[in-house]
Amino acid sequence: MAEKHFREIWKKTNGHCHFCGDPISLRKRGYRRQRADGCWEVDHVTQRAKGGATSIENCLPACTSCNRLRWHRKGAELREMLLLGMIAKREMDRFTETGNRLIALHHQQSRQNKRRRTGAPLRGAKTFDPVLQATIRKKERDILVCFLRTYPKQAFSPRQLSKRTGVPKSRIRRVLETARKVAVLHHGTRYEFQIRSPKRNRSRSQSGTLGEKVRGLPSEFAR
Ligand SMILES: [Zn+2]
């Protein structure tokens with residue numbers, strides 16, 4: 001498949017993962033990192049093993065993490081997993097007994113996946129408490145969302161957010177579960193906040209969209 005075909009597939013969703021809707025970066029196709037930072041792969045809607053065509057009509061862009069989680073699943077099985085996931089997430093957010101057990105299992109599974117894919121040895125097994133970490137993350141998230149709600153039309157860099165809220169800069173993206181944007185409900189209206197672009201792009205972002213509600217792609221994903 002030629003580069004222009006990849007661009008066509010990428011354009012189908014205007015540069016977003018067709019599962020989760022997160023922005024994906026055209027030039028990060030095939031990157032193997034499973035983080036929400038724009039890496040993506042071509043997803044065959046009907047799998048090739050099941051007679052799906054290799055033509056562009058059968059292809060959609062999916063971020064690497066979504067594509068790896070989906071495997072061969074589709075239809076009813078995929079919906080069942082979403083429902084189960086919702087139930088699990090609710091328990092985990094409330095830190096119920098079941099929820100805490102799920103947090104531990106989630107942690108265990110992620111470590112196993114990582115080891116399987118990268119061959120990296122497991123570290124920090126004895127000192128890491130996943131439930132405690134999840135509690136801290138939730139607290140930090142509450143603080144950040146509360147702060148962002150107070151300034152419904154502004155964009156902040158991770159550094160500014162860290163300075164104003166006391167949440168460590170390195171953890172902000174992780175806590176907000178986002179690569180670039182965060183959505184917050186404010187008086188019944190949904191606002192999307194942009195985390196300001198890194199320094200090299202700052203002049204560009206200051207000129208236009210900064211501080212506005214963000215729709216569509218942040219500028220650096222469009223290239
Ligand atoms: Zn995705």
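Just so it is clear, none of the values below were taken in a lab; they were calculated from the coordinates. Quick caveat: nothing in here was measured; it's all calculated off a predicted structure. Using ideal geometry, Cβ is built from the backbone for each residue, glycine included, and neighbour counts are taken over all protein chains shown.
Tabulated results
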{"read-out": "Net length gained if the chain between ASP129 and HIS72 were fully extended (0.36 nm per residue, minus Cα distance)", "value": "17.3 nm"}
{"read-out": "Relative contact order (%) - segment 3-70, alpha-carbon pairs under 8 angstrom, separation at least six", "value": "35"}
{"read-out": "Neighbourhood charge, 15 Å Cβ-Cβ cut-off, centred on ARG90 and excluding it, Lys, Arg +1 and Asp, Glu -1", "value": "+1"}
{"read-out": "Electrostatic dipole magnitude of segment 3-70 [Cβ: Lys, Arg +1; Asp, Glu -1; Cα centre; debye, to 20]", "value": "200"}
{"read-out": "Gyration tensor verdict on segment 3-70 (Cα atoms; rounded if a/c is under 1.5, prolate if a/b is larger than b/c, oblate otherwise)", "value": "oblate"}
{"read-out": "Under 5 Å, built H, 5+ apart or other chain: amide partners of PHE156", "value": "GLN194, ARG196"}
{"read-out": "Sequence-distant residues sharing a close amide H with ASP22 (under 5 Å, placed H)", "value": "CYS17"}
{"read-out": "Gain in span if fully extended, PHE95 to LYS114, counting 0.36 nm per residue against the direct Cα distance", "value": "4.3 nm"}
{"read-out": "Sequence of HIS5, HIS107, HIS18 once ranked by neighbouring C-beta atoms within 10 Å, starting from the fewest", "value": "HIS5, HIS107, HIS18"}
{"read-out": "Label-to-label distance, nm, for residues given as ARG79 and LYS50 (7 Å Cα→Cβ offset)", "value": "1.5"}
{"read-out": "Segment 74-128 shape via C-alpha gyration tensor axes, a/c threshold 1.5", "value": "oblate"}
